[in-house]
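The values are calculated or read from the model by the stated rules, or taken from the named source; none is laboratory data. Everything quoted here is computed from the prediction, not taken from an experiment. In this analysis, Cβ positions are derived from the backbone assuming ideal geometry, glycine residues included, and neighbour counts consider all displayed protein chains. Please note that ligands, DNA and RNA were not included when accessible areas were found on the heavy atoms of the full protein model with its side chains. Shrake-Rupley method; radii C 1.70, N 1.55, O 1.52, S 1.80 Å.
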Amino acid sequence: TFKRIEPILIIPEYKVNLPGGGAASQNDIFVLAKSADQLVTITIEGKVDEPFDKPVSEWYQNPSAGKVKRLEFLCSELNVSAEYVMEIPYQLLHRTVSAKLLARQFQAGIALMLVHSFSPQDMWFGEYTKFAALFGIKAEIGKVQHAQLFDGLVLYLGWVKGDLEYLER
């Protein structure tokens, strides 16, 4: 699926509105691409040593009606129960749902949420591993993995390493 992928559109800091009010999901990079005869949406979360956002349990303390609505929406979109996401970084949930929403918007058959890490120590890979496990994935660095099929839309997750040379520029 991703061996002969060609970007069509690349937009940095791309915002995707989510139900429940509050801030939109601001993706570091949004890519609309073509692979064979299918469109692919990719949301990219770039990391060096900074953590992902808070775990859902912290983000959801004393939830407003908007947060309740948003968490219900995110869980529904990912086909997971709220009880299983409490220790998952909130950021991974909304970035992944962003990829799905953009796939619907552009009528793409494939959505990918990709973490692009420049951390020499692979910091925060453990959090990503917990997230990937929600979909039955044993996460691996350098791999894009099939997560789930949603009404004809295929969701992939991936963690790739960036060239550390770019940290020195």
| note | Of the candidates 149, 157, the one satisfying the condition of being without any contact (Cβ under 8 Å) to a residue 60 or more places away in the chain and of a type in the set (A, V, I, L, M) is 149
| Condition met for residue 10 (at negative phi, in a strand (DSSP E or B) and open to solvent by less than 70 Å² (accessible area, probe 1.4 Å)) | no
| Within region 155-169, which residues are at pLDDT 95 or above and not aromatic (Phe, Trp, Tyr)? | 155, 157, 158, 160
| Across region 112-123, what is the total count of residues that are open to solvent by 40 Å² or more (accessible area, probe 1.4 Å) and either modelled with pLDDT of 95 or more or in contact with a strand residue (DSSP E or B) (Cβ under 6 Å, 6 or more places away or on another chain) (or both)? | 1
| field | Odd one out for residue 57, checked against (1) among the small types (Gly, Ala, Ser); (2) open to solvent by 20 Å² or more (accessible area, probe 1.4 Å); (3) touching a strand residue (DSSP E or B) at 6+ places or on another chain (Cβ under 7 Å) | value | (3)
| task | Could you check residue 62 against (1) closer than 23 Å to residue 144 by Cα; (2) of a type outside the set (A, V, I, L, M, F, W, C); (3) open to solvent by 80 Å² or more (accessible area, probe 1.4 Å) and say which number it fails? | result | (1)
| field | Residues (open to solvent by less than 10 Å² (accessible area, probe 1.4 Å) and either over 21 Å from residue 143 (Cβ atoms) or acidic (Asp, Glu) (or both)) located in region 76-97 | value | 85, 97
| message | Consider region 23-54. How many of its residues are over 12 Å from the mean Cα position of the chain (by Cα), charged (D, E, K, R) and either modelled with pLDDT under 95 or open to solvent by less than 20 Å² (accessible area, probe 1.4 Å) (or both)? | response | 6
| message | Quick check on my filter: what residues within region 135-169 are farther than 20 Å from residue 41 by Cβ and buried (at least 17 other Cβ atoms within 10 Å of the Cβ)? | response | 139
